[in-house]
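K.L.:
Could you have a look at this structure, given as structure tokens, before my questions?
The values are calculated or read from the model by the stated rules, or taken from the named source; none is laboratory data. Given the structure is predicted, the values throughout are model-derived calculations rather than measurements. All Cβ positions, glycine included, derive from the backbone under ideal geometry; neighbour counts span all protein chains shown. When the accessible area is computed, the model is the full protein with side chains, heavy atoms only, and any ligands, DNA or RNA have been set aside. Shrake-Rupley method; radii C 1.70, N 1.55, O 1.52, S 1.80 Å.
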Amino acid sequence: MSLLDKIDFGRVPAHIAIIMDGNGRWAKSRGLERADGHREGVASVRKVVEAASKAKVKYLTVYAFSTENWNRPQEEIDALMELVVYAIVKETPDLLKNGVRLQCIGDLKRLPEKTCGALLDCIDKTSGGDTITLVLALSYSSRWEIAEAARQIAEAVNRQKLDIEAVCENTVTEYLTTRNLPDPDLLIRTGGEQRISNFLLWQTAYAEFYFTDTFWPNFGEENLFEAIVEYQRRERRFGKTSEQIESEN
Ligand code: FPP
């Protein structure tokens, strides 16, 4: 029996965010190169997008390359950037066929021209997809994003396009790169570490966190369903009491 049968389709997380960790250790444990781990990691992204569509998840955000990852050896950065181009070009027809809309968040200006071009082309071609939105976080970090939003808000106030008294939580949300996405309901981190690593700090204020030791290349359909089932066991109170939540339901 698949764990898909245990999912309550009335309470599926609308948005799942994933910190895909463990590609390097997966490769090392097999005597392979780190780049082999990343290649296998792309195969997991494919499996998980399919699984998320089956579970009727509407948004899936994956942390593919952080701002801090620019400090990795140049050889690994080059391999990852090439891999993104290869995967995007190869997968675009299937994304189109399955109604997957691609989006990106992050400082795309820092990406090689070829990588950026392939991404923009795929974003454009898949813009009509309405089954699921796959968001790739690339050259992304939450502190970069929040600082950038603060700079843009200050600029808007300076140009008198925004009244300083009107700046509130919603204003910040509207200036983030995720402005058109709902906040994640569930954040998954694979690979055994239990930290957030500068990912969606503002947006995960009320997300449920799910940590697993499974390395990302080993994470597949059933692992995603298991995380959703665990999410559905949790009580989300958003600061209220259990009794209040019960009476609302
Ligand atoms: C973390 O594992 C993984 C990354 C930094 C890169 C993940 C990127 C991909 C799977 C490519 C995604 C691309 C597309 C187009 C979907 P790690 O290298 O930090 O592993 P370790 O902690 O075991 O060393």
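K.L.:
How many lysine pairs in the chain, separated by 8 or more positions in sequence or lying on different chains, have Cα atoms less than 25 Å apart?
P.N.:
Close lysine pairs found across the chain: 26.
K.L.:
What does the accessible area of ASP21 come to, in Å² to the nearest 10, when a probe of 1.4 Å is used?
P.N.:
We get 40 Å² for ASP21.
K.L.:
Would you calculate the separation in nanometres between label points at ASP5 and THR171, each defined as 7 Å from the Cα along the Cα-to-beta-carbon direction?
P.N.:
5.4
K.L.:
Could you order LYS97, LYS114, LYS54 so the one with the most accessible surface comes first? Probe is 1.4 Å.
P.N.:
LYS97, LYS114, LYS54
K.L.:
Relative contact order of the stretch 129-249, please, whole-number percent, based on alpha carbon pairs below 8 angstrom and at least 6 residues apart.
P.N.:
22
K.L.:
Quick check for you: with a 1.4 Å probe and neighbouring chains kept, what is the accessible area per residue of the chain, in Å²?
P.N.:
Here the per-residue accessible area is 53 Å².
K.L.:
According to a simple spin-label model (label point 7 Å from Cα along Cα-to-Cβ), what is the distance in nm between TRP70 and ILE123?
P.N.:
So the label points at ILE123 and TRP70 sit 1.7 nm apart.
K.L.:
Looking at the chain as a GNM with Cα springs under 10 Å, which of GLY106, GLY192, GLY31 has the largest mean-square fluctuation?
P.N.:
Per the Cα network of the chain with a 10 Å cutoff, GLY31 tops the list.
K.L.:
Obtain the nm distance between the two label points defined at ARG234 and ALA14 by a simple spin-label model: each point lies 7 Å from its Cα along the Cα-to-C-beta direction.
P.N.:
1.7
K.L.:
Based on the Cβ-Cβ distance of LYS47 and ARG159, what FRET efficiency does E = 1/(1 + (r/R0)^6) give at R0 = 41 Å, to the nearest 0.05?
P.N.:
0.30
K.L.:
Using heavy-atom solvent-accessible surface (probe 1.4 Å) with all chains present, what is the largest-first order of ASP94, ASP107?
P.N.:
Ranking ASP94, ASP107 by accessible area, largest first, yields ASP94, ASP107.
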